[in-house]
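J.: For reference, the structure I am asking about is given below.
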Protein chains: 2
Amino acid sequence: MKMNNTFIKTLREAPKEETSTNGALLTRAGFIHKEMAGIYDYLPFGIRVLEKIKNIVREELNAIGCEEVLMSTLQNPEPWEKTGRFSDAEVDIWFKTELASGGTLGLAPTHEEPMVEMLKNYISSYKDLPLAIYQFQTKFRNEKRAKSGIMRGREFLMKDLYSFHTSEEDLDRFYEKAEQAYKNVFERIGLGDCTYETFASGGIFSKYSHEFQTFLPVGEDTVYYNEDRSLVFNKEVFTDEILAEFGTTKGKFSETRAAEVGNIFKLMLKFSDPLELNYTDENNNLQKIYMGCYGIGISRAMGVVAEKYADEKGLVWPESIAPFKYYVVGIGDEGAEEAVKIYKGHEELMILDDRDVRPGEKFADADLIGIPYRVVISEKTLAEDSLEVTSRATGEPKIVKIDKFLSNL
Amino acid sequence: MKMNNTFIKTLREAPKEETSTNGALLTRAGFIHKEMAGIYDYLPFGIRVLEKIKNIVREELNAIGCEEVLMSTLQNPEPWEKTGRFSDAEVDIWFKTELASGGTLGLAPTHEEPMVEMLKNYISSYKDLPLAIYQFQTKFRNEKRAKSGIMRGREFLMKDLYSFHTSEEDLDRFYEKAEQAYKNVFERIGLGDCTYETFASGGIFSKYSHEFQTFLPVGEDTVYYNEDRSLVFNKEVFTDEILAEFGTTKGKFSETRAAEVGNIFKLMLKFSDPLELNYTDENNNLQKIYMGCYGIGISRAMGVVAEKYADEKGLVWPESIAPFKYYVVGIGDEGAEEAVKIYKGHEELMILDDRDVRPGEKFADADLIGIPYRVVISEKTLAEDSLEVTSRATGEPKIVKIDKFLSNL
């Protein structure tokens, strides 16, 4: 991408009411635009990050046999009434709307009910199971407050996966695969070394569920971890009784703030029971279907990565989800000419800063946008057929021969 | 994709209330699932078609210098109130919802207002123009009736593009490029020979706008065309007065039904005026920005293609947007074994029907799903190191050497 070809400009200031670091920096660097609290637009850089996170999640889920669909936002109340979840008393974050032809619809805050209803067309026999189906879909939650940038949205992008099984044992087998896929995802998007699988309440149907919590000072959750971080509990389950089950005590735990980037949950029969999602077994007997659900907040994960790695100069993206890998700046006429040559054919990998502004301004924008490597070509580097590659994360510059740089791309 | 690995099964019957051909066939073939009238889920085959159409549109728009963003669904009423379009009297298809913290929001039926508001952060000088920005985003329209399958949605996927210019002349230049890009899109998705650029009303700011109308018996619009179809008018502008301007008369026109798959519109100052989207010119004078908008109904286009080419056996996809290009069936043990070999490494190109059902059932499903080429490998074809490739569109079979088939993939 050429800077002269994008409408995005870095902004000196974020809107005053944008108090979160991720919201302010992502706005200033041209990734997002705030419509209202918790409601954002994604600009060209932002879309690229979202798509990269989505593709990593998609790869990991497809690898364990999941299939992708896209469910609707507008929700027929019927199946939700059967599970008791259309009531505002039960689920207090619904956005609801009136259909012109009559009736109230909801904007999906999650998709268990329509997923189960849809699958009644496709599951009849044990031969149809197990199944694991996911989507990337905008979710709507009518939060009273939303002050954490894209870390808490009223409208946000989520990956939600649902799995369906003939038995709890089969659900457990898949649950373990999903756990591993989630670890792979967080590793690959750059949150591996600060994200911990955390025990959380399992509701009435399972003992525990698991959250994936990224330790982060501005996280909205409180979690408790032991010294080697092999055990992490959220607030709900950090009780003497539960710790005793794990052979430990409160004194061995420290408290920290964290952001929940994913969760996995054994739903068991919670939805298949009231919605009558059944199958017939080998003996032609009607049986109930066991279910699991598995979420990752895609836009939240983007916000958490932004928040986690930001420094005083701006954003710092891991290579895997950076909008571009290189930020190319040519200094002087010769440098600028060579920069164009290097850029050519690498439009998806590089930003070429071809603007008519001082190099210092370009460097500052490269830092603010957080592109992993800044590449500078000047008369001085050209004298040695080289260019200078500086890591955004470490600030460390390296002189690299142009040939070598190009052949390593 | 292997048929044994997807949860999709073809269905004998579509829901009774699904009266449209596209809705019924797309449901039976496993592309969509109906939630309510005008509200559909997209299943694995359906997602693939949508993504292919999106990619074609994206390529054509990027080629004329457009940039992609993603605006929010939930709409702050403020800018819409300034243009008078938040009122239900003015725009009668709003879905509205209440924010828990107070206030009414809308679900975007289109995005002119937020797009203009967002750009006020990015446009200040003539140097920032022209700009052309698009998105693929779900739109919500509270239609009283929706009986045309995915050809008319209450919730549907649209590509909307907005362009911004210093003058009407510059807008005109871009408008022509967009016209050509649209022709390319409809050509590439298989609607080229039945889609006509149609004169429509320009509203109060322009004489005409243009619709792209696909002639289709079940289309919801009525249009009028002359013998060589060089002139097509929609109902609004098919008047003696306007025809006289074109040197023709009503008698030279025939009437037909059509589905609007795209439209382009010179908005001029309609939105930039009330929302105060201005720029400063070379002399530092504040000037108004000229605007155009350009829509393509992505899910509607999918429905129109489905509807247009369907025959008594099912769907017939053009290669460019088919979910897969080949439907591979091995007959007998040897045939099945060879089919697996051919499939390997071509998972994105082929469906391997590895189900334990009769070949006839596989052939019927290949036809219903509408995959462009059915590939059959049997003892008989193997005796000649060959396979049989049958075109879904023509029904014509060809015997092709396996080596040649593979090297041509």
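J.: How long, wide and thick is segment A:206-305, going by the Cα atoms along their three principal axes, in whole angstroms, largest first?
T.: So the three principal-axis extents are 53, 37, 21 Å.
J.: Using a/c under 1.5 as the rounded threshold, could you call segment A:94-185 rounded, prolate or oblate? The axes a ≥ b ≥ c are square roots of the C-alpha gyration tensor eigenvalues, and prolate needs a/b larger than b/c, oblate otherwise.
T.: Numbers: a/c = 3.41, a/b = 1.36, b/c = 2.50.
Oblate shape, in that a/c is at least 1.5 and b/c is the bigger or equal ratio.
J.: State the dimensionless ratio Rg/Rh of segment B:288-409 (Rg: radius of gyration of Cα atoms; Rh: Kirkwood radius).
T.: Details: Rg = 17.8 Å, Rh = 15.7 Å.
Dividing the radius of gyration by the Kirkwood radius yields 1.13.
J.: Once the Cα gyration tensor of segment A:40-164 is found, what semi-axes does its equivalent ellipsoid get, as square roots of 5 times the eigenvalues, in whole Å, sorted largest first? List each step's numbers first, then the result.
T.: Working: eigenvalues 122, 117, 27 Å².
The answer is 25, 24, 12 Å, longest axis first.
J.: Something else now. Per residue, how much accessible area does segment A:350-409 have with a 1.4 Å probe, in Å²? Please report the intermediate quantities before stating the final value.
T.: Numbers: 3120 Å² over 60 residues.
Roughly 52 Å² per residue, with all protein chains present.
J.: Further, regarding this structure: For segment A:5-50, state which trypsin sites (Lys or Arg not before Pro) are in a DSSP loop and have at most 13 other beta carbons lying within 10 Å of their beta carbon. Intermediate results must be reported in sequence, preceding the final value.
T.: Numbers: sites: A:Lys9, A:Arg12, A:Lys16, A:Arg28, A:Lys34, A:Arg48; in loops: A:Lys9, A:Arg12, A:Lys16.
Hits after loop and neighbour filter: A:Arg12, A:Lys16.
J.: What spacing in nm lies between the two simple spin-label points modelled at A:Leu409 and B:Arg229, each 7 Å away from Cα in the Cβ direction?
T.: 4.4 nm
J.: Further question: Express the carbon and sulfur contribution to the solvent-accessible surface of the protein assembly as shown as a percent, rounded to the nearest whole number, probe 1.4 angstrom. Could the numbers behind the result be given before it?
T.: Numbers: 15790 of 34750 Å².
So the carbon and sulfur contribution to the accessible surface is 45 percent.
J.: Taking 30 Å² as the minimum loss, tell me which residues in segment A:121-147 lose that much accessible area going from the chain by itself to the full protein complex (1.4 Å probe).
T.: Residues losing area: A:Asn121, A:Tyr122, A:Phe140, A:Asn142, A:Lys144.
J.: Suppose each label sits 7 Å from its Cα in the direction of the beta carbon; what would the A:Thr248-B:Lys401 distance come out to in nanometres?
T.: Label at A:Thr248, label at B:Lys401, 6.7 nm between them.
J.: Let me ask something else. Specify, for chain B, the residue whose C-beta is closest to the rotation axis mapping it onto chain A, with the distance given in whole Å.
T.: B:Thr97, 2
J.: In segment A:15-35, which residues give up 30 Å² or more of accessible area once the other protein chains are added, compared with their chain alone (1.4 Å probe)?
T.: The answer is A:His33, A:Glu35.
J.: Let me ask something else. Please report, for the Cα atoms of segment B:331-403, the Rg to one decimal and the Dmax as a whole number; what are they, in angstrom?
T.: Cα-based Rg and Dmax for segment B:331-403 come out at 11.6, 29 Å.
J.: Buried by at least 50 Å² relative to the chain on its own: which residues of segment A:82-107 qualify, computing accessible area with a 1.4 Å probe on protein heavy atoms?
T.: Buried by 50 Å² or more upon assembly, which counts only protein chains, are A:Phe95, A:Thr97, A:Leu99, A:Ala100.
J.: Computed on protein heavy atoms with a 1.4 Å probe, what is the summed buried accessible area for the chain pair A and B, in Å² to the nearest 100? Kindly include the intermediate steps, with their values, before the conclusion.
T.: Details: alone 19650 and 19640 Å², together 34750 Å².
Using a 1.4 Å probe on protein heavy atoms, the buried area is about 4500 Å².
J.: For the pair A:Leu286 and A:Asp311, what calculated FRET efficiency results from E = 1/(1 + (r/R0)^6), where r is the Cβ-Cβ distance and R0 = 51 Å, to the nearest 0.05?
T.: Values: r = 59 Å, r/R0 = 1.16.
The value I calculate is 0.30.
J.: Also, quick follow-up: Given axes a ≥ b ≥ c from the Cα gyration tensor, I'd like to know whether segment A:193-264 is rounded (a/c under 1.5), prolate (a/b larger than b/c) or oblate. Can you show the working numbers first?
T.: Details: a/c = 1.83, a/b = 1.14, b/c = 1.61.
Because a/c hits 1.5 or more and a/b fails to exceed b/c, segment A:193-264 counts as oblate.
J.: Next question. Please compute the length gained on full extension between B:Leu11 and B:Glu319, using 0.36 nm multiplied by the number of residues separating them and subtracting their Cα-Cα distance.
T.: Values: separation 308, 0.36 × 308 = 110.88 nm, distance 2.34 nm.
So the chain would gain 108.5 nm between B:Leu11 and B:Glu319.
J.: For chain A, what D do you get in µm² per second when you plug the Kirkwood radius from alpha-carbon pairs into Stokes-Einstein at 4 °C and 1.567 mPa s? Let's see the in-between values first.
T.: Working: Rh = 23.5 Å.
Approximately 55 µm²/s, per Stokes-Einstein.
J.: Apply the membrane-span-like helix rule to chain B: whole DSSP H runs, Cα extent along the own long axis of at least 27 Å, mean Kyte-Doolittle hydropathy at least -0.5. List the helices found. Kindly include the intermediate steps, with their values, before the conclusion.
T.: Values: long enough: B:44-63 (28 Å, -0.11); B:168-188 (29 Å, -1.60).
TM-like helix candidates: B:44-63.
J.: Give the Rg/Rh ratio for the protein assembly as shown, taking Rg as the radius of gyration of the Cα atoms and Rh as the Kirkwood radius, to two decimals.
T.: 0.97
J.: Now a separate question. List the GluC sites (Glu not before Pro) within segment B:301-409 that DSSP assigns to loop and that have no more than 14 neighbouring Cβ atoms inside 10 Å. Write down the numbers at each step before the final one.
T.: Details: sites: B:Glu307, B:Glu312, B:Glu319, B:Glu334, B:Glu337, B:Glu338, B:Glu347, B:Glu348, B:Glu361, B:Glu379, B:Glu384, B:Glu388; in loops: B:Glu312, B:Glu347, B:Glu348, B:Glu384.
Loop-located and lightly packed - B:Glu312, B:Glu347, B:Glu348, B:Glu384.
J.: Would you give the gap between the C-alpha center of segment A:247-319 and the C-alpha center of segment A:68-87, rounded to a whole Å?
T.: Here the two parts' Cα centres lie 20 Å apart.
J.: For A:Lys144, go 7 angstrom from Cα along the Cα-to-Cβ vector, then report the distances to that same point in the other copies in nm, smallest first.
T.: 4.1
J.: Now for a different question. Taking a 20 Å limit on the Cα-Cα distance, which of the listed pairs A:Lys2/A:Lys325; B:Lys325/B:Lys401; A:Lys159/B:Lys147; B:Lys183/B:Lys250; A:Lys9/A:Lys362; A:Lys147/A:Lys308 fall beyond it? Don't skip to the end; give the middle numbers.
T.: Numbers: A:Lys2/A:Lys325 14 Å; B:Lys325/B:Lys401 18 Å; A:Lys159/B:Lys147 30 Å; B:Lys183/B:Lys250 26 Å; A:Lys9/A:Lys362 11 Å; A:Lys147/A:Lys308 17 Å.
With Cα atoms farther than 20 Å apart: A:Lys159/B:Lys147; B:Lys183/B:Lys250.
J.: Let me ask something additional. Taking the alpha-carbon centroid of each part, what is the distance from segment B:134-210 to segment A:152-178 in angstrom?
T.: When both Cα centres are located, 39 Å separates them.
J.: Same structure, new question: In segment A:202-295, what GluC sites (Glu not before Pro) fall in a loop by DSSP, with at most 10 other Cβ atoms inside 10 Å? All intermediate terms of the calculation are to be shown ahead of the outcome.
T.: Values: sites: A:Glu211, A:Glu220, A:Glu227, A:Glu236, A:Glu241, A:Glu245, A:Glu255, A:Glu260, A:Glu276, A:Glu282; in loops: A:Glu220, A:Glu227, A:Glu276, A:Glu282.
In loop regions of segment A:202-295 (DSSP not H, G, I, E or B), the sparsely surrounded GluC sites (Glu not before Pro) are A:Glu227, A:Glu282.
J.: I've got another one for you. Taking the simple approach of a point 7 Å from Cα along Cα-to-Cβ for both B:Glu220 and B:Glu59, what is their distance in nm?
T.: Taking the two extended label points, one gets 3.0 nm.
The values are calculated or read from the model by the stated rules, or taken from the named source; none is laboratory data. All figures in this text were calculated on a predicted structure; none of them were measured in a lab. Note that we place each Cβ from the backbone using ideal geometry, even for glycine, and neighbour counts take in every protein chain shown. Note: accessible area is taken over every heavy atom of the protein model, side chains too, but ligands, DNA and RNA are not part of it. Shrake-Rupley method; radii C 1.70, N 1.55, O 1.52, S 1.80 Å.
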